[in-house]
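Reading through the structure tokens given below for one structure.
The values are calculated or read from the model by the stated rules, or taken from the named source; none is laboratory data. Keep in mind the model is a prediction, meaning the values are calculated, not measured. Methodologically, a virtual Cβ is constructed for each residue, glycine included, from the backbone with ideal geometry; neighbour enumeration extends over all protein chains shown.
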Amino acid sequence: MADKEATVYILDLGSSMADCHNGRIESDLDWSMRYVWDKISTTVAASRKTWNVAVVGVKTDETDNPLEGQEGGCEGYENISVLQELGPMTMRSLEALRHRVKPSNTQAGDCISAIVLAIEMIEKFTKKLKYNRKIILVTDGEAPIDSSDIEDISEQIRRCGIQLTVLGVDFDDAEFGFKEEDKSSIKGKNEKILRDLVEKCDGLYGTMAEAISELETPRVKSVKPYKTYEGLLTLGDPNIHQDAMSINVERYFKTHKATVPPASRVVIKTGSDGGPSGTGDEMQGVEPTPSFSAVKDARTYKISDPEAPGGKQDVDRDELAKGYEYGRTAVHISESDYNITKIETTKSFSIVGFIYQEKYEPFLNMGETCMTIAQKFNDAAALRLSSLIHSLHELESYAVARIVTKDGKEPALVLLAPHIEPDFECLYDVPLPFAEDVRSYPFPPLGKVITVQGNTITGNHRNLPSQELQDAMDDYVDAMDISSWEKDDEGNHTMEYAPVEDLFSPPLHRINQVVRHRATYPSQPVPPTPAILLKYANPPEDLVAKVKSDLEDLIDKASVKRVPLKAKGRKDKGDRPKPISGLDIDALLKQPENKRAKISPDKAISEFKQKVEFADDPADIEDAVKQMGVIVRDMVTKSFGDQDYDRAIEHIGVMRDTTIDYEYPDLFNSFMRDFKTRLLSGEMDGNRRELWWKIKYAKLGLIDSNASEHSKVTMEEAAEFLKK
């Protein structure tokens, strides 16, 4: 398939296209342009410079085409205008074209002459190069057509390899099931002429209603085969062992993830002359437009420096050392050490082992699938690879291979699986996980119980499912089977529900649809989500009803009970669970009052929680909050730079959560107001505003009425407190 395209759209812009027919509330031209705009905007979104588009208008008020007025007296090309020359399509071209496509005030103009003009444009542009050549004619057929040269024109279309598509407004189409009544004689005659032309040149003919109805169905994008590896597939080292296997192969993607199109970061230009407010190059991939400008990034690096203003100093990126995150610790690694640990690899594809198919677990498959075939036009390589494929198939085995797609790239392990068809053979491969990628979680067996003494119990036991429970679970799983739930033409459940080929990615196709619509109609609202994307969003009601009855039976057999939600509010010592031994653990662990009257700064959080928990009256809780506040303020005052900021934030968070749990939000709010005043006034040994920004980021502001019903602070007051 050629990667280059040349498509010419011929649009009927006659005055009759401004009318509405067959109960539609939009004009025939606007209705037809739904299809055309969708196709053109798809080309724009692809951003392929080799996909070229031209637009020719027929029945226009003016005449603007290269064939009109040529030497030799070419006639019949009046009222035909080239709205866009054949070339790459951009957003700017689409915007200019949108203003030129509108109904004219005339019905003069020949569609057949417009096809001849389109052929001339394609031949001149593509020359003898390999292109996919297409002409798409959109017309209502309400003007006379000159059919005297149909034979010659169809022969020229076949000779140039052009695919002609004719889409008519309300044209009769028996296959689609549409027939227009009371049509004019001119339109009926033109339909026969155009259908005859299409049949002579093996083109496509249809009614516009069918084309528009298919727009909501996502189009599966056919991509150019991408070669990921080309070289030798080896078994053993050919440089050492003479009998080592060596096959020239090529490796291609079989499946590849379709990603959601990214959003370009742009802002509205604010310059008085309509130009960008800043200077510099535009962002790559963002097309310059009159109203938008690219966003530019600026990044700075800072280190702690007590002598610098604010305790931070700007440094260049070249002065920083490379480090890697290990948990919450940054581990430094020098360039020399990094070069030692870096694996120096060379391009290779070698088999390192084999495994029986029955021994392989399918859940180990990771990533995208690729396919390996023999090198093109190499019969010896094809024979060798075929022998390997048939050997794996007959022995019911897979091969494990190590692949490095290019020099210096990290190696990967892949599983090679044989695939044989009558006229095609290949090896499919999927990436295998490393040991660090596999997490094993052991669970006790469902069919037996192993006691502490090592005995095995398989009969009746409280931890083993009964036969009734197993039967209920089997019925529940069988009820969810959708392999034959879809109804056939006779209403019987014999077909698969939600087959893979009918499933589409809603985010991917919905975003593409919205982007195309907004590019074509900037001021119109976003259209609703197509029904085909929501077809499988909810399961069938009859299937849900069937499954629900089996689920209720399973719940009854398994004695499933709802666990009540844990009530929030003030914690009461009487609510604490009593130990089985009957001992008063609190009395045993409770320390004398004089020993835990003061909270230690070294163990502030634990002692604060203990003091609040064993408080006998509100005065004890108030005293605990005051002591904690003194500790936090002292911690910030003595902090060297931002060394103790994280500890202070942790202490404040504990105070906030505890006062909410015990329903004393006013104590924390009083502390927080006082703490903010002291912090921002510089009372805590200098400028500590950076801590306030950290507090704002952690959202440790006042406790509002939404967080605690006992708070007198509104949500607006709490938000205003953090803003200042």
Where residue 153 falls short, out of the listed (1) out of contact with any helix residue (DSSP H, G or I) (no Cβ under 9 Å at 6 or more places or on another chain); (2) surrounded by 15 or more Cβ atoms within 10 Å (Cβ to Cβ) = (1)
Right, residue 186: of a type in the set (Val, Ile, Thr), assigned by TED's automatic domain parsing to the domain that holds residue 9 and either more than 29 Å from residue 23 (Cα to Cα) or not in a helix (DSSP H, G or I) (or both) or not?
-> no
Take residue 377 and decide whether it is in contact with a strand residue (DSSP E or B) (Cβ under 6 Å, 6 or more places away or on another chain) and not assigned by TED's automatic domain parsing to the domain that holds residue 690.
-> no
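For (1) crowded, with 21+ Cβ neighbours inside 10 Å; (2) in contact with a helix residue (DSSP H, G or I) (Cβ under 6 Å, 6 or more places away or on another chain); (3) part of a helix (DSSP H, G or I), each residue gets a yes or a no:
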position: 654; (1), (2), (3): no, yes, yes
position: 657; (1), (2), (3): no, no, yes
position: 663; (1), (2), (3): no, no, no
position: 677; (1), (2), (3): no, no, yes
Subset of the stretch 296-316, residues among the small types (Gly, Ala, Ser) and in contact (Cβ under 8 Å) with a residue 60 or more places away in the chain, comes to 304, 310, 311
With respect to the numbered conditions (1) buried (at least 18 other Cβ atoms within 10 Å of the Cβ); (2) assigned to a helix (DSSP H, G or I); (3) not aliphatic (A, V, I, L, M), which one is the sole condition not fulfilled by residue 393?
-> (1)
Inside the stretch 237-252, can you point out the residues that are outside any strand (DSSP E or B), surrounded by 10 or more Cβ atoms within 10 Å (Cβ to Cβ) and among the aliphatic types (A, V, I, L, M)?
-> 244
Restricting the search to the stretch 368-390, which residues are within 29 Å of the chain's Cα centre (by Cα) and either within 12 Å of residue 351 (Cβ to Cβ) or part of a strand (DSSP E or B) (or both)?
-> 370, 371, 372
Within the stretch 1-15, track down each residue that is of a type in the set (D, E, K, R) and either modelled with pLDDT of 90 or more or assigned to a helix (DSSP H, G or I) (or both).
-> 5, 12
Residue 221 passes all but one of (1) at pLDDT 75 or above; (2) loosely packed, with under 13 Cβ neighbours inside 10 Å; (3) within 16 Å of residue 368 (Cβ to Cβ); which number fails?
-> (1)
Over the stretch 318-343, the set of residues touching a residue at least 12 places away in the same chain (Cβ under 8 Å), within 19 Å of residue 410 (Cα to Cα) and loosely packed, with under 10 Cβ neighbours inside 10 Å is 335, 343
Could you check, for the stretch 626-635, whether at least one of its residues is in contact with a Lys or Arg (Cβ under 8 Å, 6 or more places away or on another chain) and either closer than 20 Å to residue 722 by Cα or touching a residue at least 40 places away in the same chain (Cβ under 8 Å) (or both)?
-> yes
Scan of the stretch 346-367 for residues that are in a loop (DSSP other than H, G, I, E, B) and surrounded by 13 or more Cβ atoms within 10 Å (Cβ to Cβ), ordered by number | 347, 360, 365, 366, 367
Any residue in the stretch 167-179 that is surrounded by fewer than 15 Cβ atoms within 10 Å (Cβ to Cβ), touching a residue at least 12 places away in the same chain (Cβ under 8 Å), farther than 30 Å from residue 532 by Cα and out of contact with any Lys or Arg (no Cβ under 6 Å at 6 or more places or on another chain)?
-> no
Residue count for the stretch 483-497, restricted to those that are part of a loop (DSSP other than H, G, I, E, B) and surrounded by 14 or more Cβ atoms within 10 Å (Cβ to Cβ) | 2
Of all residues in the stretch 414-425 being at pLDDT 95 or above and either outside any strand (DSSP E or B) or among the aliphatic types (A, V, I, L, M) (or both), the one that is surrounded by the fewest Cβ atoms within 10 Å (Cβ to Cβ) = 420
In the stretch 16-61, which residue that is assigned to a loop (DSSP other than H, G, I, E, B) and of a type in the set (Lys, Arg) is surrounded by the most Cβ atoms within 10 Å (Cβ to Cβ)?
-> 59
Name the residues in the stretch 686-709 that are part of a loop (DSSP other than H, G, I, E, B), closer than 17 Å to residue 646 by Cα and among the aliphatic types (A, V, I, L, M), would you?
-> 698, 700
Of (1) farther than 24 Å from residue 644 by Cβ; (2) more than 34 Å from the chain's Cα centre (by Cα); (3) at pLDDT 80 or above; (4) of a type in the set (Ser, Thr, Tyr), residue 304 satisfies every one except (1)
Do we have residue 96 as in the same structural domain as residue 157 (by TED's automatic domain parsing), out of contact with any Pro (no Cβ under 9 Å at 6 or more places or on another chain), closer than 19 Å to residue 157 by Cβ and not in a loop (DSSP other than H, G, I, E, B) here?
-> no
Taking into account only those residues within the stretch 99-128 that are of a type in the set (S, T, N, Q) and not in a helix (DSSP H, G or I), which is surrounded by the fewest Cβ atoms within 10 Å (Cβ to Cβ)?
-> 105
Just one of (1) closer than 30 Å to residue 427 by Cβ; (2) outside any strand (DSSP E or B); (3) polar (S, T, N, Q) trips up residue 336, so point out which.
-> (1)
Pick out the one residue from 234, 255, 228, 270 that is modelled with pLDDT of 75 or more and either part of a loop (DSSP other than H, G, I, E, B) or surrounded by fewer than 12 Cβ atoms within 10 Å (Cβ to Cβ) (or both).
-> 255
Positions within the stretch 428-463 being in contact (Cβ under 8 Å) with a residue 60 or more places away in the chain and outside any loop (DSSP other than H, G, I, E, B), in sequence order = 428, 429, 430, 431, 437
Any chance the stretch 449-459 includes a residue that's at pLDDT 90 or above and either outside the structural domain of residue 550 (by TED's automatic domain parsing) or surrounded by 13 or more Cβ atoms within 10 Å (Cβ to Cβ) (or both)?
-> no
Among the candidates 476, 428, residue that is hydroxyl-bearing (Ser, Thr, Tyr), surrounded by 10 or more Cβ atoms within 10 Å (Cβ to Cβ) and closer than 30 Å to residue 376 by Cα | 428
